[in-house]
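The values are calculated or read from the model by the stated rules, or taken from the named source; none is laboratory data. Note that the structure is a prediction, hence the values are computed from the model and not measured. Here the Cβ positions follow ideal geometry from the backbone for every residue, glycine too, while neighbour counts run over all protein chains shown. Heavy atoms of the whole protein, side chains included, go into the accessibility calculation; ligands, DNA and RNA do not. Shrake-Rupley method; radii C 1.70, N 1.55, O 1.52, S 1.80 Å.
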Amino acid sequence: MPVIPRMQVFEVGDAPWFPPFLRGYFQAALTAAWTTHVPGLQRSAPSTIVARLLQTHLPSPVSNYTFIDLCAGGGGPTPAIEQYLNTTPPQSTSQAAKAKFILTDLHPHTLLWEQAVASSQRRRDERTLDYVPHPVDAADVDKEFVERMREGGRRKVFRIFNLAFHHFDDRLARGILKGCVEGARVGEGFGIFELQDRTLTGFLACCTFGIATMLLAPYFALILWGEPLALVFTYAMPVLPAVLVFDGWMSCLRTRTPDEVEALLRTCGAEGGQEEIARRWEIRNGSETFMWPVGKVNWVIGFKKGETQGNGR
């Protein structure tokens, strides 16, 4: 359990003065943290763990859902999650229904998203990964947009926050959760997935990330990204690993425990109040290790239950 209280502290990557090209490297490094799997060192990539959590804990098959990533940044793990869910049995056959994913953000990264969509479409005919080109506020999602994502009732909507929910202060976080609750149909809900927490292992994980950045930078910068300039800001002027570690520590301080998330949910001001939320919403949480002893995916999944559905499974 954390011994440090949550703090709404500053992160360099959020600052308007942080150079956009460095922010691009920063986001690419975070995507690599989500999607990289080093056999023998990691059980699996964190993105794969998130995909399996969705398969395990949602009350309906993932193929019934449209997943809306409300803070997609440069794409993050969502394209990898989409690929896993739609290419792993039983979703892998061409006749099977597919899960759909929508990338959104208050500051859209349409060029990067278009590349991810194109890569997804090369693997299959159906467009199962898409994006919204205009700004979407996670705390004020357009109800008509949500209704369109339901496709006339054929799909449920599930909102996901990958390495994002900790950025919001309590007021905004309550507003986001209120939006998740109000108007939700049975089986719909939200998922919060973080790679850090306010424990010693959380802070050590950020240090490990910084070391891994310096060790693997040539492979990612030269082979995968085609960005040799990234090496300058990794070794000659180590801005990238320094910011990744510093912002990682700040993210640890900002990250909420599952109990703190539930407290915000109960006090979000949604119609029906705390009693209705306690009666109709099921909240699950946990921590899955992907790299012993410090690499963990910490998660909270909430969904609306039916009138007669009991607690748990």
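Residue pairs, Cβ under 7 Å, 6 or more apart or interchain, first in region 168-179 and over 20 Å from residue 158 (Cβ atoms), second part of a helix (DSSP H, G or I) and open to solvent by less than 40 Å² (accessible area, probe 1.4 Å). List them.
As it stands, the answer is 170/264, since those pairs meet every condition given.
Residues that are touching a Leu at 6+ places or on another chain (Cβ under 7 Å) and under 23 Å from residue 231 (Cβ atoms): find the helices (runs of 4 or more DSSP H) completely inside region 1-114 holding 2 or more of those.
20-35
Show the residue pairs meeting these rules: Cβ distance below 6 Å; 6+ apart or different chains; first residue within region 236-263 and part of a helix (DSSP H, G or I); second residue hydroxyl-bearing (Ser, Thr, Tyr).
240/25; 240/234; 241/213; 244/213
I want to confirm something. Restricting to region 123-159 and keeping residues that are among the β-branched types (Val, Ile, Thr) and in contact with a Phe, Trp or Tyr (Cβ under 8 Å, 6 or more places away or on another chain), which single residue is surrounded by the fewest Cβ atoms within 10 Å (Cβ to Cβ)?
Once the filter is applied, the top-ranked residue is 132.
Just to verify a result, which residue in region 218-241, among those that are crowded, with 16+ Cβ neighbours inside 10 Å and of a type in the set (A, V, I, L, M, F, W, C), is nearest to residue 36 (Cα to Cα)?
Once the filter is applied, the top-ranked residue is 220.
Kindly indicate whether residue 287 is closer than 30 Å to residue 182 by Cα and surrounded by fewer than 17 Cβ atoms within 10 Å (Cβ to Cβ).
Considered against the rule, which asks whether it is closer than 30 Å to residue 182 by Cα and surrounded by fewer than 17 Cβ atoms within 10 Å (Cβ to Cβ), residue 287 comes out as yes.
Among the residues of region 299-309, is any basic (Lys, Arg), closer than 20 Å to residue 179 by Cβ and surrounded by 16 or more Cβ atoms within 10 Å (Cβ to Cβ)?
Yes, the conditions are met somewhere in region 299-309.
Among the residues of region 103-113, is there at least one that is surrounded by fewer than 23 Cβ atoms within 10 Å (Cβ to Cβ), assigned by the TED database to the domain that holds residue 300 and more than 19 Å from the chain's Cα centre (by Cα)?
Checking region 103-113: at least one residue is surrounded by fewer than 23 Cβ atoms within 10 Å (Cβ to Cβ), assigned by the TED database to the domain that holds residue 300 and more than 19 Å from the chain's Cα centre (by Cα).
Taking the condition open to solvent by 50 Å² or more (accessible area, probe 1.4 Å) and over 28 Å from residue 196 (Cβ atoms), does residue 100 pass?
no
Exactly one condition in (1) touching a residue at least 40 places away in the same chain (Cβ under 8 Å); (2) within 27 Å of residue 3 (Cα to Cα) is not met by residue 285; state its number.
(1)
Using the structure shown, decide if residue 268 is crowded, with 16+ Cβ neighbours inside 10 Å, assigned to a helix (DSSP H, G or I) and in contact with a helix residue (DSSP H, G or I) (Cβ under 9 Å, 6 or more places away or on another chain).
Judged against the criteria, residue 268 is not a match.
Give, as residue ranges, the strands (runs of 3 or more DSSP E) completely inside region 120-208 that count at least 2 residues that are closer than 29 Å to residue 253 by Cα and of a type in the set (A, V, I, L, M, F, W, C).
In region 120-208, the matching strands (runs of 3 or more DSSP E) lie at 156-162, 189-194.
Residue 244: in contact with a Ser or Thr (Cβ under 8 Å, 6 or more places away or on another chain) and open to solvent by less than 70 Å² (accessible area, probe 1.4 Å), yes or no?
Here the answer is yes, as residue 244 does meet what is asked.
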